[in-house]
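For reference, the structure discussed in these notes is given below.
Each value in this text was obtained by applying a stated rule to the coordinates, not by laboratory testing. Quantities reported herein were computed from a predicted structural model and do not represent experimental measurements. So basically every Cβ, Gly included, is an ideal-geometry build from the backbone, and we count neighbours across all protein chains shown.
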Amino acid sequence: MAIQLEVPPEAAAPSVPDKAQKPRNKPGGWKLAIKRDWRLYTLLALPLLYFAIFRYLPMAGNVIAFRQFQPGGSIFGEKWVGLKYVTLFINDPSFWQAFQNTIILGVLTLLFCFPMPIIFALMLNELRSQKFKKFVQTVAYLPHFMSVVIIAGMILQNFSMTGTVNQIANTLFGTTMNFTQDASWFRPMYISSEVWQTMGWGAILYLAALTRVDESLYEAARIDGANRWQQTWHVTLPAIRPTIITLLILNIGTFMAVGFEKILLIYNPLNYETSDVISTYLYRVGLESSNFSYAAAIGMFESVIGLTLILSANAISRRVTGTSLW
């Protein structure tokens with residue numbers, strides 16, 4: 001005896017929502033959310049207050065780049081001078097030397113300091129011994145928690161005439177070099193210290209991203225005959241690509257802001273040729289020489305370049321890879 005099931009017409013032919021009809025927000029939706037979760041929203045008060053006071057409010061002071069500022073006078077300058085200070089730094093050879101050094105150090109930082117955490121995270125991901133993995137991670141994280149003053153002291157001590165590097169060079173080659181006063185050695189010292197200090201801490205985000213990779217993808221790759229390198233290239237790297245691109249865009253945004261504190265502590269007049277960057281140049285002409293309007297004009301120029309870089313990198317990433325910050 002055959003059994004026939006009666007299917008309601010609405011179930012047999014589900015209605016297709018009208019594309020033109022847009023979902024409407026309920027009236028007072030955000031007000032209701034704030035009223036319901038006000039305890040959570042109060043946690044945003046201090047961060048928002050911090051950014052308002054220390055990030056956005058000081059932007060009003062950029063007006064002194066176009067006004068003549070005198071100590072003891074108005075914080076917004078005494079009189080309007082237009083592009084006077086912009087013209088001054090454009091015609092200043094010392095500024096362009098610092099600008100060139102900033103670009104070179106920024107490029108070297110991206111080339112060496114950005115990929116090293118990725119490589120380090122991939123190497124840690126291949127370790128099978130959890131105890132050894134945790135030990136390596138702990139040792140690699142420690143430099144990040146050291147003060148910049150301590151890092152600078154270690155650099156100056158190790159590369160001094162009687163330091164560890166010169167002692168090794170004297171033992172092996174019978175010669176020594178004054179690394180700290182030789183302009184050609186400043187960039188290798190700075191980049192190597194940056195890699196050592198940031199590699200372990202920078203790998204944390206990539207290690208977190210690696211934990212979300214589906215193990216079935218590796219199993220399918222092994223069935224297809226892929227070795228470990230091919231699995232890394234075709235499975236692991238594509239899986240963490242959004243994280244890599246996001247951090248790359250953020251690093252490009254801070255391209256011009258190379259390590260001011262470390263450079264200030266380890267540079268000297270003998271290696272200004274390669275060590276003097278825009279931030280240290282601003283410190284000398286702005287604070288030490290009390291030329292605040294001139295320094296504000298240069299700082300605004302640097303900020304415009306940084307904003308242009310991050311907007312361009314984000315647009316290129318969205319067009320090429322489909323991943324972007326916004």
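Contact order for the chain, expressed relative to its length and based on alpha carbon pairs under 8 Å spaced 6+ residues apart, stands at 23 percent. The calculated FRET efficiency for the pair ASN170 and ASP92, based on their C-beta separation and a Förster distance of 45 Å, comes to about 0.60.
Would you calculate the volume per residue, in Å³, of the smallest convex hull containing every Cα atom of the range 98-198?
Hull volume normalised by residue count: 134 Å³.
Sequentially through the range 284-290, phi angles give Karplus couplings (6.51, -1.76, 1.60; θ = phi - 60°) of 6, 7, x, 8, 6, 9, 6 Hz, Gly and Pro residues having no value and appearing as x. Computed from backbone phi, the HN-Hα couplings of the range 30-39 come to 5, 5, 5, 5, 5, 5, 6, 10, 5, 5 Hz, rounded to whole numbers (Karplus: 6.51 cos²θ - 1.76 cosθ + 1.60, θ = phi - 60°; Gly and Pro given as x). The angle between the Cα long axis of helix 241-253 and the longest principal axis of the Cα atoms of the chain comes to about 30 degrees, rounded to the nearest 10. Protection proxy ranking for 78-91, 34-47, using the average of other Cβ atoms within 10 Å per residue and placing the highest first: 78-91, 34-47. Convex hull volume of the Cα atoms of the chain, normalised per residue: 310 Å³. The phi torsions of the range 129-145, fed into the Karplus equation with coefficients 6.51, -1.76 and 1.60 and a -60° offset, translate into couplings of 7, 5, 5, 5, 4, 5, 5, 5, 4, 4, 5, 6, 6, 4, x, 5, 8 Hz, rounded to whole numbers, with Gly and Pro shown as x. Between helix 292-320 and the chain, what is the angle of the helix's C-alpha long axis to the longest principal axis, kept within 0 to 90° and rounded to the nearest 10? For helix 292-320, the angle is close to 30 degrees. Angle, helix 115-125 long axis vs. longest principal axis of the chain, Cα atoms, 0 to 90°, nearest 10? Computed tilt is about 50 degrees. In this structure, the amide hydrogen of ARG67, modeled 1.01 Å from its nitrogen in the peptide plane, lies closer than 5 angstrom to those of VAL81, counting only residues at least 5 positions away or on a different chain. Working ranking of peptides 168-174, 58-64, 99-105 by packing, defined as the average number of other Cβ atoms within 10 Å per residue, highest first, is 99-105, 58-64, 168-174. Taking each DSSP H run with n ≥ 4 as -39500 (n - 2.57) and averaging over every residue of the chain yields -17000 deg cm²/dmol at 222 nm.
For the chain, the dipole from Cβ point charges (+1 on Lys and Arg, -1 on Asp and Glu) about the Cα centre works out to 940 debye, to the nearest 20. Across all directions, the shadow cast by the convex hull of the range 73-157 built on its C-alpha atoms averages 10.6 square nanometres.
When the gyration tensor of the range 161-303 is built from Cα positions, what are the square roots of 5 times its three eigenvalues, in whole Å, from largest to smallest?
On the way: eigenvalues 341, 139, 20 Å².
Gyration-tensor ellipsoid for the range 161-303: 41, 26, 10 Å.
With the biggest extent put first, the Cα atoms of the range 29-172 measure 63, 59, 27 Å across the principal axes. Separation of the range 134-204 and the range 283-307, taken as the distance between their Cα centroids, equals 30 angstrom. Select from TYR294, ALA315, TYR283 the residue farthest towards the positive end of the dipole of the range 238-326; place +1 on Cβ of Lys and Arg, -1 on Cβ of Asp and Glu, and compute about the Cα centre. Final value for the positive-end residue is ALA315.
Using only side-chain charges placed at the Cβ, +1 for Lys and Arg and -1 for Asp and Glu, the dipole size of the range 186-307 relative to its Cα centre rounds to 100 debye. Candidates VAL148, TRP233, ALA209 compared by Cα position along the dipole of the range 112-252: farthest toward the positive end lies ALA209, with charges placed on Cβ.
Hey, if you put +1 on the Cβ of every Lys and Arg and -1 on every Asp and Glu Cβ in the chain, which of GLY72, GLN167, ILE118 ends up farthest toward the positive end of that dipole? Of the options given, the answer is GLY72.
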